[in-house]
Amino acid sequence: MCGIVGIFSQEPVAVELYESLIHLQHRGQDAAGILTCDERFYPKHGLGLVREIFTSDDMPQLKGNMGIGHTRYPTAGGYSEADIQPLWIGSPRGIALAHNGNLVNYPELADDIRQKQHRHLNSSLDSEALLLLLADHLAYADPHDEAQFFQQLCNAITHIHERVQGSYSVVSLIIGKGLVAFRDPQGIRPLVWGERKRKDGGCDYIFASETTAFYALGFEPKGDLQPGEVAYVNKAGQLFRRVVSSKSFRPCVFEYVYFARPDATLDGVSVYRSRLRMGQNLAKRWKEKFPDIIPDVVIPAPFTANTSALSFAHEIGVRYSEGLYKNPFIGRTFIMPNQQARSRNVRYKLTPQRTEIENKKVLIVDDSIVRGTTSREIVKMVREFGASEIYFVSSCPPIKHPCFYGIDIPSRKELIAAHETEKQIESYLGVDRLLYQTQEDLVEAVTRRGQHQIEHPCMACMDGVYPCGNLTEEKIQSLELKRELERE
């Protein structure tokens, strides 16, 4: 999972790209990059947080009125500077690209590039295959006739849809032409867009993973790119849009559970409202399963569970308290690069409040249980501060399968729910009661209002139903082994 943004404006865009990446920092803390262009590309990237990479001195050097940015959370590729996006090539046509998602058939694409096309890959990123496919099919596009160029662009992306298996939301720059954005045919990864009216009657445009930066930059949200849709803004500021191919719409449900910021709206669904409904549905299940167990206090594992915990507490009529204080300057443990870093950072970032915990029956609401180690550490901390009983509920159903579409949900042997029963997990966590959200209640929480296209979100990490990529058991095992070797 990564954060991407592309902006077309009548003014230099470097500062607004930087500010957009700040608003997308939660989607990746490993590395970030900005690339702008006029008649050439101006790139700047580095490892670490956005504020650590860019300085005020960088902004004047990033010239041009259109550009793209990327903040990285690695699910494919290495950790070197060669593996930071945006990527770009100068031939056959100057093209740059930033990608959120993961290509299931990248090994086959890479073999084809190396062995049949006899070309060199400069990085270990699957995004480079997308860049080369796009560049190859635009090599002979007519640069003058806009209607014809857009048709050729649509043809190129149709070919990508046919060749590439997996998830991809993409923003791209083409020197001399404009800004491009497109989404995979099943819409697994999000891609929203907005516009900003100018005094001269024209519009500036933004395409991003989330709407989180729109208000601050003065853009009005206009909705989502549809599955399989292409959007193109030419140098004159004309916007072209077309759905070139689409399949069953399967947006990732984990965006709503954990990854997206609560103030985002994705595919017509308020993330905040969906999390309120998750907590409400979970509380109703609690009352059905444990009618005689009433906690003294409900506390979230901050911050992504705060919203669900708030509605859970309201539904069962119990006081909500932020009994765990989170240091906001320590990153998200889920997207730390290894388990040792995740475990170490739990105690660094969370401090229990004794007055809210001591001698109380405490119910902890968390967004999910992945490996179980972080949840276990949280329970130990609450126990150390004197809780008389501890109950644990998860807004997400048991996660039993790895994700191959861009979220770092690991191999099955690392997923506690893949090989332990709920009773065994309850014992491992050291809690008095454990409750998971059901898959049906999670889907209902995301789709309740019905003012959107979502009917069957991707829940592959929960139900093992992979919507694309021909993921047989043999291929899943191969991909799991590859991922394990990359982690060593």
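Applying 1/(1 + (r/R0)^6) with R0 = 22 Å to the Cβ-Cβ distance of Glu474 and Ser248, what FRET efficiency is obtained, to the nearest 0.05?
Working: r = 24 Å, r/R0 = 1.09.
After rounding, the FRET efficiency stands at 0.40.
Between Phe329 and His314, what length comes free when the chain is fully extended (0.36 nm per residue of separation minus the Cα-Cα distance, one decimal in nm)? The partial results should precede the final answer.
Working: separation 15, 0.36 × 15 = 5.40 nm, distance 2.94 nm.
Net length gain for the segment: 2.5 nm.
In whole percent, what relative contact order does the range 1-126 give with Cα contacts below 8 Å and a gap of six or more residues? Write out the running numbers ahead of the final one.
Working: 263 pairs, mean separation 35.5, N = 126.
It rounds to 28 percent for the range 1-126.
Using only DSSP helix segments of four residues or longer, with each worth -39500 (n - 2.57), what per-residue ellipticity at 222 nm results for the chain after dividing by its residue count and rounding to 500? It would help to have the intermediate numbers written out before the result.
On the way: 16 runs with 150 residues, N = 488.
One gets -9000 deg cm²/dmol as the mean residue ellipticity at 222 nm.
Below 12 angstrom from the Cβ of Ile188, what's the summed charge of the other residues (Lys, Arg +1; Asp, Glu -1)? Walk me through the numbers on the way to the answer.
Details: positive: Arg183, Arg189, Lys247, Arg250; negative: Asp184, Glu255, Asp267.
Summing Lys/Arg as +1 and Asp/Glu as -1 gives +1.
Just the number, please: carbon plus sulfur as a percent of the accessible area of the chain, 1.4 Å probe, no ligands or DNA/RNA counted. Don't skip to the end; give the middle numbers.
Values: 9400 of 19310 Å².
With neighbouring chains kept in place, the figure for the chain is 49 percent.
Where a ≥ b ≥ c are the square roots of the eigenvalues of the C-alpha gyration tensor, would you call the range 185-291 rounded, which needs a/c under 1.5, or, failing that, prolate if a/b is larger than b/c, or oblate? Write down the numbers at each step before the final one.
Values: a/c = 4.21, a/b = 1.91, b/c = 2.20.
Oblate shape, in that a/c is at least 1.5 and b/c is the bigger or equal ratio.
For the range 381-392, what does the Karplus curve 6.51 cos²θ - 1.76 cosθ + 1.60, with θ = phi - 60°, yield as ³J(HN,Hα) per residue in whole Hz, taken in order and with x for Gly and Pro?
Per-residue couplings from phi come out as 5, 5, 5, 4, 9, x, 5, 7, 9, 10, 10, 10 Hz.
How large is the accessible surface per residue of the range 105-240, computed with a 1.4 Å probe and reported in Å² as a whole number? Write out the running numbers ahead of the final one.
Working: 4960 Å² over 136 residues.
Here the residues of the range 105-240 average 36 Å² of exposed surface.
Expressed as an acute angle from 0 to 90° and rounded to the nearest 10, what is the orientation of the C-alpha long axis of helix 146-163 relative to the principal long axis of the chain?
Relative to the chain, helix 146-163 is tipped by roughly 50 degrees.
Before anything else, pin down the relative contact order of the chain: Cα pairs under 8 Å, at least 6 apart, normalised by residue count, whole percent. The partial results should precede the final answer.
Numbers: 1108 pairs, mean separation 60.9, N = 488.
The value is 12 percent.
For Thr438, Thr71, write out the residues from largest to smallest accessible area, computed with a 1.4 angstrom probe and no ligands counted. Intermediate results must be reported in sequence, preceding the final value.
Values: Thr438 35, Thr71 0 Å².
The residues order as Thr438, Thr71, largest area first.
Per residue, how large is the accessible surface of the range 358-488? Use a 1.4 angstrom probe and give square angstrom. Show your work: numbers first, answer last.
Numbers: 5670 Å² over 131 residues.
Roughly 43 Å² per residue, with all protein chains present.
Suppose R0 equals 60 Å; then what is the FRET efficiency for Arg40 and Glu422 from their Cβ-Cβ distance, rounded to the nearest 0.05? List each step's numbers first, then the result.
Numbers: r = 58 Å, r/R0 = 0.96.
The formula returns an efficiency of 0.55 here.
Apply the a/c threshold of 1.5 to the C-alpha gyration tensor of the range 1-152 and tell me whether it is rounded, prolate or oblate. Show your work: numbers first, answer last.
Details: a/c = 2.02, a/b = 1.16, b/c = 1.74.
It is oblate, given that a/c is not under 1.5 and a/b is not larger than b/c.
Of (i) 22.8, 74; (ii) 33.4, 100; (iii) 23.6, 68, which one was derived for Rg and Dmax of the Cα atoms in Å from the structure shown?
Step by step, Rg and Dmax of the Cα atoms in Å for this structure corresponds to label (i).
What angle do you read, to the nearest 10 degrees and between 0 and 90, between the alpha-carbon axis of helix 14-23 and the longest principal axis of the chain?
20 degrees
Quick one: accessible area per residue over the range 249-307, 1.4 Å probe, rounded to a whole number of Å²?
On the way: 2000 Å² over 59 residues.
With the other protein chains kept in place, the range 249-307 gives 34 Å² per residue.
Full-extension gain between Gln151 and Glu108, please, as 0.36 nm times their residue separation minus the C-alpha to C-alpha distance. Numbers along the way, then the final one.
Details: separation 43, 0.36 × 43 = 15.48 nm, distance 2.76 nm.
Using 0.36 nm per residue and subtracting the Cα-Cα distance, I get 12.7 nm.
Counting Lys and Arg as +1 and Asp and Glu as -1, each charge on the Cβ, what is the dipole of the chain about the Cα centre in debye, to the nearest 20?
Working: 57 positive and 61 negative charges, 132 e Å.
Its charge dipole is roughly 640 debye.
I'd like the distance between the alpha-carbon centres of the range 437-488 and the range 43-71, rounded to an integer number of Å.
33 Å
If the chain between Lys235 and Leu481 were fully stretched, how many nm would it gain, using 0.36 nm times the residue separation less the Cα-Cα distance?
Details: separation 246, 0.36 × 246 = 88.56 nm, distance 4.55 nm.
Value of the extension gain: 84.0 nm.
Would you mind putting 287-294, 242-249, 258-265 in packing order, based on average other-beta-carbon counts within 10 Å, highest first? Let's see the in-between values first.
Details: 287-294: 10.8, 242-249: 16.0, 258-265: 21.6.
Ranked from most to least packed, the peptides come out as 258-265, 242-249, 287-294.
Between beta-carbons, use under 14 Å as the cut-off and find the net charge around His419, counting Lys and Arg +1, Asp and Glu -1.
Numbers: positive: Arg371, Lys400, Arg412, Lys413, Lys423; negative: Glu414, Glu420, Glu422, Glu480.
Summing Lys/Arg as +1 and Asp/Glu as -1 gives +1.
Could you let me know the centre-to-centre spacing of the range 195-227 and the range 1-41, using Cα atoms, in angstrom?
Value for the Cα centre distance between the two parts: 14 Å.
Once you have a ≥ b ≥ c as the square roots of the Cα gyration tensor eigenvalues for the range 365-476, tell me rounded if a/c is under 1.5, and otherwise prolate or oblate according to whether a/b is larger than b/c. Could you put the intermediate results ahead of the total?
Working: a/c = 2.71, a/b = 1.49, b/c = 1.81.
Cα axes put the range 365-476 in the oblate bin.
Kindly express, to the nearest 10 degrees and within the range 0 to 90, the angle between helix 271-289's C-alpha long axis and the longest C-alpha principal axis of the chain.
Long axis of 271-289 versus the principal axis of the chain: about 30 degrees.
The values are calculated or read from the model by the stated rules, or taken from the named source; none is laboratory data. All figures in this text were calculated on a predicted structure; none of them were measured in a lab. Reconstructed Cβ throughout: ideal geometry from the backbone, glycine too, with neighbour counts over all protein chains shown. Just the protein is used for accessible areas: all its heavy atoms, side chains included, with ligands, DNA and RNA removed. Shrake-Rupley method; radii C 1.70, N 1.55, O 1.52, S 1.80 Å.
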